[in-house]
Amino acid sequence: MAHSNAAATGAYGTTGSYLNTPAGGGLKSWLTTVDHKKIGLMYASAMFTFFLVGMSLGFLIRLELLEPGTQFVSARAYNSIFTLHGVIMIFLFIVPGIPAILGNFILPLQLGADDVAMPRLNLASWYVYMTGAVMALASLVTGGGFADTGWTFYAPYSLNTNTNVSLAVLAAFVLGFSSIMTGMNFITTIHRLRAPGMGFFRMPLFCWALYATSWIQVIATPVIGITLLLVVMERTLGIGFFDPARGGDPILYQHLFWIYSHPVVYVMVLPAMGIISEILPAFSRRTIFGYKAIAISSMAIAVVGYLVWGHHMFTAGMSDTARWVFSLLTFFVAIPTGVKVFNWIATLYRGSIEIRVPLLYAVGWIFLFSIGGLTGLANGALSTDIHLHDTAYIVGHFHYTMFGGAAIGMFAGLHYWWPKIWGRMYNEKVATTAWVLIMVGFNLTYFPMLILGIKGMPRRYQDYLPQFHDLNFLSTIGSWILVAGLLTMIINLIRGARSGSPAPDNPWGSTTLEWQTTSPPPLLNFATPPEVTTGPYDFTEILRQNNVEAGK
Amino acid sequence: MNGASSYSGLVDKAFIFILGTSVLLLIGLTAVMIYFLVRYRRSKNPNPAQIADNVTLETLWTVLPTILVLVMFYYGWAGFKVMRDIPEDAMQVTVKAQMWSWVFEYENGKQSTELIVPTGRPVSLNLTSSDVIHSFFVPAFRLKEDCVPGRTNHAWFEATRDGEFNLFCAEYCGERHSAMLSLVKSIPAREFDEWLGVDTGPPEGTRLLTLKGCVACHTIDGSKLIAPTFKGMFGSTETVVTDGVSRQITVDEEYIRKSILDPNADLVEGYQALMPPQRDLLTDEEIDAIIEVLKEL
Ligand code: HEM
Ligand SMILES: [Cu+2]
Ligand SMILES: [Cu+2]
């Protein structure tokens, strides 16, 4: 590659910040950049804009549920609002989120490379993503208004409603391509661009997690693409795939939908697990406990995760045999996940722990994700899931996994790598306050939903019986605290990036390669290409330096 | 919330085991985590131990959870098995779900919008839907099974005590999903037989409006749901859209008949094509009876 030659001679792009290279480029230099770091930040700005919209919608949903009856939005509007909330949070934010933002920024740095393997494809995938996003937004104001189907687009409802399902679904289809492109790019990068001496088992665990994730993206996304296309064809051409009135099968739709959408849960959460696996060693100053177990269980989850989609359909009328087989397989995915949690906690054992903001987010993550995982057990078991399916319990459970698991993991990663990305620190006190608000607000919002579901309140209800009032009220109050925390966090990060105090190259005393270059890194990442002689979490050198400092 | 079906106890047992274990695990994990954070903080423990692995531990915490989840699977399956074994002598009820109402049809042809059942006798449900997917959910019975158009799903229950139990639609089905509620009334067997035996004759018009689900979308008192109210409709002048063209009509018998059989041919202006065509759902006599009532409203 042309880049490497330049790096070797210490020329253009090996000093100074990537943010100023080329100097004075303005907006155009961003929109045409092939630098993985800038592309990561372009994803970040788009995705956090969508996140804020999605958050406001979630806030509105909760506001409507403050009291029984209609408060602020009609049933029809409510249905479009939770659909839009789900579509934004899933397709525009959390599925592509960590790989596109932090994967793009950090992966090449952690591998010791100067960019991803296919930088132009990387930029193209950002444009594809934006095209899909614009289509989703366009479907808001065109046709019969935004889809009111839920993010699951179940047939035959989605085939008959006169809202603009076709465009919303096409948007998801286009977004899928962006996912596939990013996945292929990462797989190639990991195979081809590791620094000399970095065997697969010397890769940081974040890279392992992205590797597993990328394979799922590449293999599973086409299934949803085809399924959604079939929905569009049925709506526009009247071909009977899923509507029994036209000779189709609605259960077939559910199978096709969940064959993608279950594995995609791991696309959301595996990268977050990778982030946690970076933060815990860094702040305990010790090697991670069970490196291989964590790396391999990522791959195990990716593989077994393909075989459990039927647990979303225990009440749909599948054969009884299919139901118990899916139940059994579901419990098998729980095992590697449990192993990881044990490994993370064991990583704290006899560490030398410094409690800083990224570590707070990481342990908060372990707590929330544990609740997400443990509440999933009752969904995996047959008789209990029959009761819980499609109730508020499910809404609580998946917010604990997707929001508590994936999104909080992303926030942890942002706080960890922020000084590397901008060369500036955020205010740690404010960040801690935000963390407290988020943890309190989160549990107050979603824990009551778990109980509501057990008591029998169905999900996607704009109105509810009076016996569900207390807990809904509590949950809505929780959402106010949660939103306050999220806004505090985001504002604090932005202020840090703009005017925070300068950050050193390695503020936390971490060992992986991205911390060996300057903060922020130069365009081509490293002044001299790094070489790897140890595993990723070898603290010998950091501790030696520390002792030298302490000794003098 | 107390269970009220013959198998709700088994389901609750699975709940208690799974949720109980989960709570214990969560408390344990959190406590250990916090203890480590405090005990090994940097000021207390400046020199970390580099422990990379421990095969015994790794094996232990793979094997123990495996056993634990297998037990959970077993508990879940045990309750489920009973739910799926429909007793042969069970009374048959056909559940007809439609946007956004429930109708229950008994073996002798009697229809009801609430599910009346005899306490202590098994009831077998044949679940159907005439439009989109709905889901029959009675929390007190721990029972849920989807009503899928184009097929019949099966479920059963036996109420163990008299009472009224909420019945919800649990699968999202559109605008009035959260209003698609009904009740299961479980009454002593003797009263039930009496109730079932009373032949109410061919239902007259007003009752048909409830039974056929018309009032899930229309009202008879002038208030507005998602369809025009029936009150004062007969004889009024309306704007309808036919093939995209607006025109004025006067509501007469002919128009009502057409609106019922083929509602989307003339759409009332300002409303959406939500009404399911009733061609196969109503007999001619029923339509006549309905028209008679509508004239009076
Ligand atoms: C301020 C934060 C949030 C609040 C207050 C909130 C609240 C809610 C509520 C109350 C529902 C249930 C709607 C219903 O069943 O009637 C819901 C649905 C949902 N939420 Fe959130 N949420 C928030 C953030 C998130 C995040 C971060 C994600 C993803 C990572 C997410 C993903 C979803 C999805 C996928 C649904 C399902 C939509 C559907 O049923 O089709 N939410 N949210
Ligand atoms: Cu799943
Ligand atoms: Cu329904």
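The values are calculated or read from the model by the stated rules, or taken from the named source; none is laboratory data. Quantities reported herein were computed from a predicted structural model and do not represent experimental measurements. Note: ideal-geometry Cβ built from the backbone for every residue, glycine included; neighbour counts use all protein chains shown. With ligands, DNA and RNA removed, areas are computed over all heavy atoms of the protein, side chains included. Shrake-Rupley method; radii C 1.70, N 1.55, O 1.52, S 1.80 Å.
Name every residue in the stretch A:70-108 that is surrounded by fewer than 21 Cβ atoms within 10 Å (Cβ to Cβ) and farther than 21 Å from residue A:154 by Cα, in order of residue number. A:70, A:71, A:72, A:73, A:74 - these are the residues of the stretch A:70-108 that are surrounded by fewer than 21 Cβ atoms within 10 Å (Cβ to Cβ) and farther than 21 Å from residue A:154 by Cα.
Rundown of residues vs (1) in a loop (DSSP other than H, G, I, E, B); (2) open to solvent by less than 10 Å² (accessible area, probe 1.4 Å); (3) of a type in the set (D, E, K, R), yes/no style:
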| position | (1), (2), (3) |
| --- | --- |
| A:16 | yes, no, no |
| A:30 | no, no, no |
| A:37 | no, yes, yes |
| A:41 | no, no, no |
| A:45 | no, no, no |
| A:49 | no, no, no |
| A:55 | no, no, no |
| A:60 | no, no, no |
| A:68 | yes, no, no |
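Output yes when any residue across the stretch B:54-61 is of a type outside the set (A, V, I, L, M), surrounded by fewer than 16 Cβ atoms within 10 Å (Cβ to Cβ) and at the interface with chain A (Cβ under 9 Å from one of its Cβ atoms), and no when none is. Yes, there is a match, as at least one residue in the stretch B:54-61 is of a type outside the set (A, V, I, L, M), surrounded by fewer than 16 Cβ atoms within 10 Å (Cβ to Cβ) and at the interface with chain A (Cβ under 9 Å from one of its Cβ atoms). Restricting the stretch B:139-161 to residues that are assigned to a strand (DSSP E or B) and in contact (Cβ under 8 Å) with a residue 60 or more places away in the chain leaves a set whose member that is nearest to ligand 1 (Cβ to nearest atom) is B:143. The set of residues from the stretch B:178-228 being of a type in the set (Ser, Thr, Tyr), part of a loop (DSSP other than H, G, I, E, B), open to solvent by 30 Å² or more (accessible area, probe 1.4 Å) and within 28 Å of residue A:69 (Cα to Cα) comprises just one member, B:223.
Only residues that are touching a Ser or Thr at 6+ places or on another chain (Cβ under 9 Å) and free of Cβ contacts under 8 Å to residues at least 60 places away in the same chain were counted in the stretch A:290-303, giving 3.
Being without any contact (Cβ under 8 Å) to a residue 60 or more places away in the chain, under 20 Å from the mean Cα position of the chain (by Cα) and assigned to a helix (DSSP H, G or I) narrows it down to one residue among A:98, A:88; which is it? Let's see the steps before the verdict.
Working: A:98 fails: without any contact (Cβ under 8 Å) to a residue 60 or more places away in the chain.
Only one candidate qualifies: A:88.
Here residue B:14 fulfils each of the conditions (1) open to solvent by 40 Å² or more (accessible area, probe 1.4 Å); (2) more than 16 Å from ligand 3 (Cβ to nearest atom); (3) within 40 Å of the chain's Cα centre (by Cα) apart from (1).
Residue pairs whose Cβ atoms lie under 7 Å apart, separated by 6 or more positions or on different chains, with the first residue in the stretch B:170-194 and in contact (Cβ under 8 Å) with a residue 24 or more places away in the chain and the second away from ligand 2 (no atom under 16 Å from the Cβ) and part of a helix (DSSP H, G or I), are B:173/A:157; B:174/A:157; B:175/A:75; B:175/A:76; B:175/A:79; B:176/A:75; B:176/B:216.
How many residues are open to solvent by 10 Å² or more (accessible area, probe 1.4 Å), more than 16 Å from ligand 3 (Cβ to nearest atom) and of a type in the set (A, V, I, L, M, F, W, C) if we restrict to the stretch B:93-139? So the count comes out to 1. Taking the stretch A:140-170 as the range and being crowded, with 24+ Cβ neighbours inside 10 Å and either away from chain B (no Cβ under 13 Å) or assigned to a helix (DSSP H, G or I) (or both) as the test, the residues that pass are A:146, A:157, A:158, A:159, A:165, A:168, A:169. Suppose we keep only residues that are buried (at least 21 other Cβ atoms within 10 Å of the Cβ) and outside any loop (DSSP other than H, G, I, E, B) within the stretch B:166-177. Which one would you say is farthest from the other protein chains (Cβ to nearest Cβ)? Ranking the qualifying residues of the stretch B:166-177, first place goes to B:167.
Per this entry, residue B:129 is counted among residues that are within 14 Å of another protein chain (Cβ to nearest Cβ), small (Gly, Ala, Ser) and more than 16 Å from ligand 1 (Cβ to nearest atom). Among the residues examined, residue B:268 qualifies as out of contact with any Leu (no Cβ under 9 Å at 6 or more places or on another chain) and surrounded by 12 or more Cβ atoms within 10 Å (Cβ to Cβ). Evaluate the stretch A:305-316: report whether one residue or more is open to solvent by less than 10 Å² (accessible area, probe 1.4 Å), more than 16 Å from ligand 1 (Cβ to nearest atom) and under 29 Å from residue A:438 (Cα atoms). No: the stretch A:305-316 contains no residue that is open to solvent by less than 10 Å² (accessible area, probe 1.4 Å), more than 16 Å from ligand 1 (Cβ to nearest atom) and under 29 Å from residue A:438 (Cα atoms).
Restrict the check to the stretch A:331-352 and report whether at least one residue is within 16 Å of ligand 3 (Cβ to nearest atom), outside any helix (DSSP H, G or I), open to solvent by 10 Å² or more (accessible area, probe 1.4 Å) and within 7 Å of chain B (Cβ to nearest Cβ). Taking every residue of the stretch A:331-352 in turn, none turns out to be within 16 Å of ligand 3 (Cβ to nearest atom), outside any helix (DSSP H, G or I), open to solvent by 10 Å² or more (accessible area, probe 1.4 Å) and within 7 Å of chain B (Cβ to nearest Cβ).
Every listed requirement among (1) touching an Asp or Glu at 6+ places or on another chain (Cβ under 7 Å); (2) open to solvent by 60 Å² or more (accessible area, probe 1.4 Å) is met by residue B:42 save one, (2).
Looking at the stretch A:530-548, is at least one residue charged (D, E, K, R), open to solvent by 60 Å² or more (accessible area, probe 1.4 Å), within 30 Å of residue B:45 (Cβ to Cβ) and not in a loop (DSSP other than H, G, I, E, B)? Yes; the residues of the stretch A:530-548 include at least one that is charged (D, E, K, R), open to solvent by 60 Å² or more (accessible area, probe 1.4 Å), within 30 Å of residue B:45 (Cβ to Cβ) and not in a loop (DSSP other than H, G, I, E, B). Could you tell me which residue of the stretch A:50-67 is farthest from the chain's Cα centre (by Cα), considering only residues that are within 16 Å of residue A:133 (Cα to Cα) and near ligand 1 (Cβ under 8 Å from one of its atoms)? Among residues in the stretch A:50-67 that are within 16 Å of residue A:133 (Cα to Cα) and near ligand 1 (Cβ under 8 Å from one of its atoms), the one farthest from the chain's Cα centre (by Cα) is A:54. In the condition set (1) open to solvent by less than 80 Å² (accessible area, probe 1.4 Å); (2) facing chain A (nearest Cβ under 9 Å); (3) under 30 Å from the mean Cα position of the chain (by Cα), residue B:86 is compliant with all but (2). Is there any pair with a first residue in the stretch B:1-14 that is at the interface with chain A (Cβ under 8 Å from one of its Cβ atoms) and a second that is of a type in the set (D, E, K, R) and open to solvent by 40 Å² or more (accessible area, probe 1.4 Å) whose Cβ atoms are under 6 Å apart and which are 6 or more apart or on different chains, and what are they? Listed by first residue and then by second, the contacts come to B:1/A:455.
Within the stretch B:165-172, the presence of a residue that is away from ligand 1 (no atom under 16 Å from the Cβ), farther than 27 Å from residue A:75 by Cβ and out of contact with any Ser or Thr (no Cβ under 6 Å at 6 or more places or on another chain) is excluded.
Pick from the stretch A:527-546 the residues that are in contact with a helix residue (DSSP H, G or I) (Cβ under 7 Å, 6 or more places away or on another chain) and away from every other protein chain (no Cβ under 14 Å): which of them is farthest from residue A:425 (Cα to Cα)?
So the first thing to find is which residues in the stretch A:527-546 are in contact with a helix residue (DSSP H, G or I) (Cβ under 7 Å, 6 or more places away or on another chain), and the list is A:529-530, A:532, A:535-537.
When the remaining residues are screened for being away from every other protein chain (no Cβ under 14 Å), the result is A:529-530, A:532.
On the way: A:529: 26, A:530: 25, A:532: 28 Å.
Taking the candidates together, the pick is A:532.
For the stretch A:171-209, give me each residue that is open to solvent by 10 Å² or more (accessible area, probe 1.4 Å) and aromatic (Phe, Trp, Tyr). Selection gives A:173, A:177, A:200, A:201, A:208.
All of (1) within 13 Å of chain B (Cβ to nearest Cβ); (2) β-branched (Val, Ile, Thr); (3) closer than 16 Å to residue A:279 by Cα hold for residue A:394 with one exception: (3).
Summed over the stretch A:408-437, the residues that are of a type in the set (A, V, I, L, M, F, W, C), within 16 Å of ligand 1 (Cβ to nearest atom) and in contact with a Phe, Trp or Tyr (Cβ under 8 Å, 6 or more places away or on another chain) give a count of 4.
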